[in-house]
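The values are calculated or read from the model by the stated rules, or taken from the named source; none is laboratory data. Remember, it's a predicted structure, so these values are computed and weren't measured experimentally. Backbone-built Cβ (ideal geometry, glycine too); neighbour counts: all protein chains shown. The accessibility values were calculated without ligands, DNA or RNA, using every heavy atom of the protein model including side chains. Shrake-Rupley method; radii C 1.70, N 1.55, O 1.52, S 1.80 Å.
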Amino acid sequence: MNLAAGWGLVSALLVLRVQADVPAEELSENQNQMVRLVMEKFHEKDLMNRYRMTSVVKAEEEVYNARIFVNVEFLVKQTSCRKHDWSKPDCKVVKNARTYNCFGCYKFEYDSHSVISKVEECILTRHLRAGRQTLRKYRCKEVENAGKMHPGMYSTFSRH
């Protein structure tokens, strides 16, 4: 019985590890667009240094009725470059860098980068608590459901 419980725990940890290690190269075009938008907004803050994405925690994408829902959570770290150089690829992460946990949930028009609805946030990783994660999930669900038809809803169509 202990062996079975041990394998169950190992399996659960492997599943969590897979979810927590999404290679940045595997992000879709829409997910990359969302990350760019979140990073642009993040660098509008009163920061002295540039930050760059160092890892992707979670990445999801779904298509709904000609709309695309994208949810990405990622970490950014402080670099040696100044803020106005935030898009330079050769900036090195500094020792003891400040680390922010960023997330974004966006709903795009299909085949377009027009944003229908969004929520985004970047906070220091040490401030990320369970309550904050719950609030993020709730707000993300609102974005996901924006413009969606649900059972019991009705719509009217006009013919010309």
Legend entry - Amide hydrogen neighbours beyond the local backbone of Tyr64, cut-off 5 Å, H modeled: Phe69
Inset, instruction - Would you list, by chain and number, the aspartates and glutamates whose Cα falls below 15 Å from the Cα of Lys45, excluding same-chain residues fewer than 8 positions away? - result: Asp85, Glu120, Glu121
Legend entry - Vicinal HN-Hα couplings computed from phi for the range 125-132 (Karplus, 6.51 cos²θ - 1.76 cosθ + 1.60; Hz; Gly/Pro x): 4, 5, 9, 7, 10, 4, x, 5
Inset, instruction - Pull up all non-local amide H partners of Arg82: gap of 5 or more, or a different chain, and H-to-H distance under 5 Å with H placed in the peptide plane. - result: Arg50
Legend entry - Separation of the Leu37 and Arg126 label points, Cα + 7 Å toward Cβ, nm: 3.2 nm
Inset, instruction - Please give, to one decimal in nm, the separation of the simple spin-label points placed at Glu60 and Val94, each 7 Å out from Cα toward the Cβ. - result: 3.5 nm
Legend entry - Long-range amide H partners of Ser117 with built H, under 5 Å: Lys107
Inset, instruction - Among the lysines, select those whose C-alpha is under 17 Å from the C-alpha of Lys137, and discard any that sit fewer than 8 residues away in the same chain. - result: Lys58, Lys107, Lys118
Inset, instruction - Take the alpha-carbon centre of the range 57-109, take the same for the range 36-55, and report the distance between them in whole Å. - result: 8 Å
Legend entry - Estimated vicinal HN-Hα couplings, Hz - the range 96-105 in sequence order (Karplus 6.51, -1.76, 1.60; Gly, Pro = x): 6, 5, 5, 10, 10, 9, 10, 8, x, 10
Legend entry - Sequence of Arg82, Arg50 when ordered by accessible area, the most exposed leading, probe 1.4 angstrom: Arg82, Arg50
Legend entry - Neighbour net charge for Met34 - beta-carbon separation under 15 angstrom, K R +1, D E -1: -3
